[in-house]
Amino acid sequence: PGATHAPHHPTPEWIKKISAMNLFDDGWEKLRETIFANQKRLGIMPPNAQLTPWPDGQEIYDGAKLPRWDSLSWEEKKLFIKQANVYAAYQAYADYEIGRVIQAVEDMGQLDNTLIIYISGDNGPSAEGMVNGTPNEFTTFNGIPVPVKDQFLWYEFWGSERTFPHYSAAWAWAFATPFKWMKQVPSHFGGTAQGMAISWPGHIGDPGGIRRQFHHIIDIVPTILEATGIPAPETIDGIKQLPIEGTSLAYTWNKANANAPTRHTTQYFEMLGNRAIYHDGWVAATTPVTLPWEL
């Protein structure tokens, strides 16, 4: 149901389950370190990768700043932990339901005949909850920050039908680890990079393998067309179609091609004046024009 786009509405059972794990009790900076360490352990990030710095007014961020966890009051920490727990519960709830769909396909004996492409989102984590988060995202749309003390009126109901909630922008920066920035900032990978997993038993020759080639969402349709052997239509309802601009991912599926050069060599990004271009392993990016948590 749109998970995990705001508003975050998991079931109470999932909120209770995730809250009991205490995943966010040490704050957003510690969370970044934990995520980054796990990414290295899993081989997603190379051993020599360095974590991007927290936004603390540095010139590289054009003065952008988000609060340090240790600077917060206990009330702020309590609220922000609740926000993250509800968000994570929504994610876990969605993952579980996706798992049920995949299990049903397997129960029908069709898993080996099914190409599954799992993409974890459509953009980077959202900072649209502003610095404090909000019990109702429409306050953000109207440019009205909600003080922490006022948000406690909804604390016990956070994530229920009584709220339309979103988390603090600082969580968005943490959830974008290891990259800089977040949604609305396509000039940096914190605003665009997504985790993706592809499964097609009997067709992908390196199950569990990791690929590092650069690719873009426009490559998904060419991948499906190549996998199914269906040519791209030249016309639809008599209307001539523009050529599909993506590049199939299928060449990466065999283990022998694990380190093959990417076939998607150039890609332009732009949104709200934030721009970047990727070409042959290099990225030229602008500094965000406005801060996504200051709407």
| request: Determine whether region 116-130 contains at least one residue that is hydrophobic (A, V, I, L, M, F, W, C), over 27 Å from ILE210 (Cα atoms) and assigned to a loop (DSSP other than H, G, I, E, B). | output: yes
TODO: For HIS215, state whether it is assigned to a loop (DSSP other than H, G, I, E, B), touching an Asp or Glu at 6+ places or on another chain (Cβ under 8 Å), in contact (Cβ under 8 Å) with a residue 40 or more places away in the chain and surrounded by 17 or more Cβ atoms within 10 Å (Cβ to Cβ).
DONE: no
*Inspect all residues belonging to region 33-48 and state whether any of them is more than 19 Å from the chain's Cα centre (by Cα), in contact (Cβ under 8 Å) with a residue 24 or more places away in the chain and buried (at least 18 other Cβ atoms within 10 Å of the Cβ).*
no
Considering residues that are among the aromatic types (Phe, Trp, Tyr), surrounded by 12 or more Cβ atoms within 10 Å (Cβ to Cβ) and assigned to a helix (DSSP H, G or I), the number found within region 49-80 is 3
Counting only residues in region 268-282 that are touching a residue at least 12 places away in the same chain (Cβ under 8 Å) and surrounded by fewer than 18 Cβ atoms within 10 Å (Cβ to Cβ), the one farthest from ILE144 (Cα to Cα) is identified as ASP280
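Every residue, every condition in (1) of a type in the set (Gly, Ala, Ser); (2) out of contact with any Pro (no Cβ under 7 Å at 6 or more places or on another chain), yes or no:
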| position | (1), (2) |
| --- | --- |
| TYR61 | no, no |
| ALA64 | yes, no |
| ASP70 | no, yes |
| ILE81 | no, yes |
| ALA89 | yes, no |
| ALA94 | yes, yes |
| VAL101 | no, yes |
| MET108 | no, yes |
Apart from one, (1) in contact (Cβ under 8 Å) with a residue 40 or more places away in the chain; (2) exposed (fewer than 13 other Cβ atoms within 10 Å of the Cβ); (3) of a type in the set (Lys, Arg) all hold for ARG100; the odd one out is (1)
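Each value in this text was obtained by applying a stated rule to the coordinates, not by laboratory testing. Quantities reported herein were computed from a predicted structural model and do not represent experimental measurements. Here the Cβ is made from the backbone with ideal geometry for all residues, glycine too, and neighbour counts use every protein chain on show.
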